[in-house]
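Just below is one structure, and these are the notes that go with it.
The values are calculated or read from the model by the stated rules, or taken from the named source; none is laboratory data. None of the values given here were measured: they were computed from a predicted structure. We place every Cβ from the backbone using ideal geometry, glycine too, and count neighbours over all the protein chains shown. Side chains are part of the model used for accessible areas, which takes the heavy atoms of the whole protein and leaves out ligands, DNA and RNA. Shrake-Rupley method; radii C 1.70, N 1.55, O 1.52, S 1.80 Å.
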Amino acid sequence: MLQNNELEWNEELDEQEEKEIGEKKTAIVTEEQAGVRIDKYLTAIENEISRSYLQKLIGDQLVTVNGKAIKANYKVSAGEQVSYIVPYPVDLNVEPEDIPLDILYEDNDIIVVNKPKGMVVHPAAGHYSGTLVNALMYHCKDNLSGINGVMRPGIVHRIDMNTTGVLVVCKNDKAHQFVADQLKVHSITRRYEAIVYQTFKEENGTVDAPIGRHPIDRKKMAINHKNGKRAVTHYRVIENLGRSFARIECSLETGRTHQIRVHMASLNHPLVGDTVYGREKDPFHLEGQALHAKVLGFIHPTTKEYMEFSAPLPAYFTELTEKLKNK
């Protein structure tokens with residue numbers, strides 16, 4: 001029986017405090033965020049849920065400010081505590097959808113895909129269709145592992161909605177167990193490319209700092225020496241871009257939620273486009289952080305041979321790289 005091994009990698013599905021209705025999240029309004037409508041504020045801090053769904057939560061009185069339900073036209077003030085409950089799905093049937101997949105490799109045990117920007121890996125609040133799981137169910141039919149339940153068939157790990165790149169999905173429970181065991185002992189090769197603020201003087205480095213839930217904003221992760229789990233990111237500077245940016249490669253020794261984003265922000269090198277851990281306004285108007293899961297390597301569950309896959313950099317990434325060389 002799998003002992004939550006699938007929770008050990010980047011963007012792991014962290015255990016949340018059980019609530020009768022759903023998952024409760026809390027945030028404190030900053031000075032910069034003050035004065036905007038509650039729905040706009042929630043959209044800014046909750047990039048995994050659509051604005052229309054957040055508006056529905058307000059209408060259902062599942063959003064409170066300082067403990068009191070508010071109306072949709074309410075404007076937030078600095079220092080206020082905003083709480084909202086995202087209901088758990090009830091009797092949800094995940095439907096197959098004919099969505100094109102960029103398949104890098106496929107056999108009877110696994111399928112390796114290059115996930116595009118803006119695609120959620122599995123169904124969750126506000127995203128019950130258009131996910132990678134919906135596409136996989138159409139492509140693979142019933143040939144997906146069931147260890148992670150009906151909401152996440154085949155899914156061993158995930159990456160952010162706005163992170164692109166390579167993912168492995170398992171077609172049967174035996175393959176799932178085998179890959180999950182590799183995740184647990186951190187033996188899988190994981191190399192990402194990112195574009196960050198500020199140039200580097202050094203050529204490489206390592207961040208070894210524990211990551212856990214942010215003590216106030218439960219949506220965010222943070223370096224947490226009290227309750228965090230060990231997190232290690234090795235980085236290498238590919239090239240400095242102009243006077244204010246750099247393109248780097250990050251290798252994960254461990255895999256915690258938002259690990260690269262949190263670690264690079266802690267060095268004052270936040271990812272370009274990351275409005276959660278970096279600058280609140282993105283001057284380049286990207287769709288989320290400039291982060292790409294480029295290389296994934298692991299031992300195949302049946303052949304027991306090491307296999308490595310690479311996903312080409314997306315067009316926006318290479319275009320941004322060229323643009324920043326002149327900044």
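Remarks
- Within the range 103-148, the set of residues being touching a strand residue (DSSP E or B) at 6+ places or on another chain (Cβ under 9 Å), more than 20 Å from His176 (Cα to Cα) and not in a loop (DSSP other than H, G, I, E, B) comprises Ala124 only.
- Within the range 141-184, the set of residues being in contact with a Cys (Cβ under 7 Å, 6 or more places away or on another chain) and open to solvent by 20 Å² or more (accessible area, probe 1.4 Å) comprises Lys171 only.
- Within the range 305-327, the set of residues being open to solvent by 90 Å² or more (accessible area, probe 1.4 Å) and either at pLDDT below 95 or farther than 18 Å from Cys250 by Cα (or both) comprises Glu305, Tyr306, Glu319, Glu322, Lys323, Asn326, Lys327.
Per-residue answers, yes or no, for (1) touching a helix residue (DSSP H, G or I) at 6+ places or on another chain (Cβ under 9 Å); (2) buried (at least 17 other Cβ atoms within 10 Å of the Cβ); (3) of a type in the set (Ser, Thr, Tyr):
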position	(1), (2), (3)
Ser244	yes, no, yes
Leu252	yes, yes, no
Val262	no, yes, no
Val276	yes, yes, no
His285	no, no, no
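- Cβ separations smaller than 7 Å between residues 6+ apart or across chains give the following pairs from the range 167-186 residues that are on the phi > 0 side of the Ramachandran plot to residues that are open to solvent by less than 30 Å² (accessible area, probe 1.4 Å): His186/Thr254.
- Strands (runs of 3 or more DSSP E) lying entirely in the range 208-279 (those with 2 or more residues that are without any contact (Cβ under 8 Å) to a residue 40 or more places away in the chain and touching a strand residue (DSSP E or B) at 6+ places or on another chain (Cβ under 9 Å)): 232-241
- Residues of the range 8-43 classified as under 20 Å from Met119 (Cα atoms) and modelled with pLDDT under 85, total: 6
- Among the residues making up the range 280-304, those that are farther than 16 Å from Ile159 by Cα and either in a loop (DSSP other than H, G, I, E, B) or at pLDDT below 95 (or both) are Glu280, Lys281, Asp282, Pro283, Phe284, His285, Leu286, His300, Pro301, Thr302, Thr303, Lys304.
- Val196 meets the stated requirement of being over 30 Å from Val94 (Cα atoms), open to solvent by less than 10 Å² (accessible area, probe 1.4 Å) and not hydroxyl-bearing (Ser, Thr, Tyr).
- Which numbered condition Glu202 misses (of (1) within 22 Å of Leu313 (Cα to Cα); (2) in a loop (DSSP other than H, G, I, E, B); (3) modelled with pLDDT of 95 or more): (1)
- Selection status of Val86, at pLDDT below 85, within 20 Å of Val156 (Cα to Cα) and of a type outside the set (Ser, Thr, Tyr): no
- Of all residues in the range 22-65, those satisfying the criterion of being surrounded by 18 or more Cβ atoms within 10 Å (Cβ to Cβ) and assigned to a loop (DSSP other than H, G, I, E, B) are Val29, Gln33, Glu46, Ile49, Leu62.
- Taking the range 104-134 as the range and being of a type in the set (A, V, I, L, M, F, W, C), under 23 Å from Ser310 (Cβ atoms), buried (at least 20 other Cβ atoms within 10 Å of the Cβ) and out of contact with any helix residue (DSSP H, G or I) (no Cβ under 9 Å at 6 or more places or on another chain) as the test, only Leu132 passes.
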